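Have a look at the structure below before the remarks.
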Amino acid sequence: PATLTIRPKDARSGVRRFDIVVKAKGTEHRASGTIVTSSWDVRFFRWTKDPREDADAWKSLLAGEPAERRTLPALDFRWQGGKVSDAVGADRFATLATTEIALPAGKWTLRTVSDDGIRVWVDDRLVVDDWTHHGPTPHDADLEFATAATHRVRVEHFEIDGWAALSVTFAPR
């Protein structure tokens, strides 16, 4: 009958653990987890040459001026059949998103959901690569960091037509 949303108090990038207790009708419910936040530089582009068929055109597109640029606290889009904005539209668009995120040493899972193509690099290492036309599809990359450090993340995404989605999250394993 209710939904609780856990958010950090401020926009600082980083990893925060939480533990909560909710009491309702004489019953106690406990929840704990980890919130991983970072500031994403997100650029959207309109494309005319299929990214799967013309790698040089794709590189030139991403090196050019975006149709729109945003700074966001998360990379979590569910456009469905709708448009990103008037400047970007609903179909034949590209997303380039970058961030730097401080993570403690340990084992992590990077999870993506994309519709359509996606590539993700962590510290210049390709960890997710599904450069195809597909419906909303999850991908997990298991990562292990020997020391606490700030990691560079780069996400490239293209949308052809129809449904559209893009999300990227980190969680400890």
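Quick notes
- Residue within region 113-134 that is in contact with a Pro (Cβ under 9 Å, 6 or more places away or on another chain) and of a type in the set (Ser, Thr, Tyr) present: yes
- Qualifying residues in region 132-145 (those that are closer than 23 Å to residue 93 by Cα and in contact with a Phe, Trp or Tyr (Cβ under 8 Å, 6 or more places away or on another chain)) - the one least open to solvent (accessible area, probe 1.4 Å): 135
- Within region 100-113, restricting attention to residues that are open to solvent by 10 Å² or more (accessible area, probe 1.4 Å) and not basic (Lys, Arg), the residue that is nearest to residue 43 (Cα to Cα) is 100.
- Test result for residue 116, in contact (Cβ under 8 Å) with a residue 24 or more places away in the chain, under 18 Å from residue 76 (Cα atoms), surrounded by 18 or more Cβ atoms within 10 Å (Cβ to Cβ) and not small (Gly, Ala, Ser): yes
- Residue within region 16-27 that is touching a residue at least 24 places away in the same chain (Cβ under 8 Å) and out of contact with any helix residue (DSSP H, G or I) (no Cβ under 6 Å at 6 or more places or on another chain) present: no
- The listed residue being touching a residue at least 12 places away in the same chain (Cβ under 8 Å) and touching a Leu at 6+ places or on another chain (Cβ under 6 Å), out of 103, 62, 4, 75: 62
- Per-region count, region 119-173, residues free of Cβ contacts under 8 Å to residues at least 40 places away in the same chain and over 17 Å from residue 80 (Cβ atoms): 17
- Residues of region 133-169 that turn out to be more than 26 Å from residue 66 (Cα to Cα) and part of a strand (DSSP E or B), as a count: 10
- When 19, 50, 10 are checked against the criterion of being of a type in the set (Asp, Glu) and in contact with a strand residue (DSSP E or B) (Cβ under 8 Å, 6 or more places away or on another chain), 19 stands alone in meeting it.
- Those strands (runs of 3 or more DSSP E) lying entirely in region 9-82 with at least 1 residues surrounded by 12 or more Cβ atoms within 10 Å (Cβ to Cβ) and of a type in the set (Phe, Trp, Tyr): 14-24, 40-46, 75-80
- In region 83-99, residue surrounded by the most Cβ atoms within 10 Å (Cβ to Cβ) [restricted to those that are touching a strand residue (DSSP E or B) at 6+ places or on another chain (Cβ under 8 Å) and over 22 Å from residue 138 (Cα atoms)]: 88
The values are calculated or read from the model by the stated rules, or taken from the named source; none is laboratory data. None of these values were measured; they are calculated from a predicted model. A quick note on method: Cβ atoms are made from the backbone with ideal geometry, for glycine too, and the neighbour counts reach across all protein chains shown. Please note that ligands, DNA and RNA were not included when accessible areas were found on the heavy atoms of the full protein model with its side chains. Shrake-Rupley method; radii C 1.70, N 1.55, O 1.52, S 1.80 Å.
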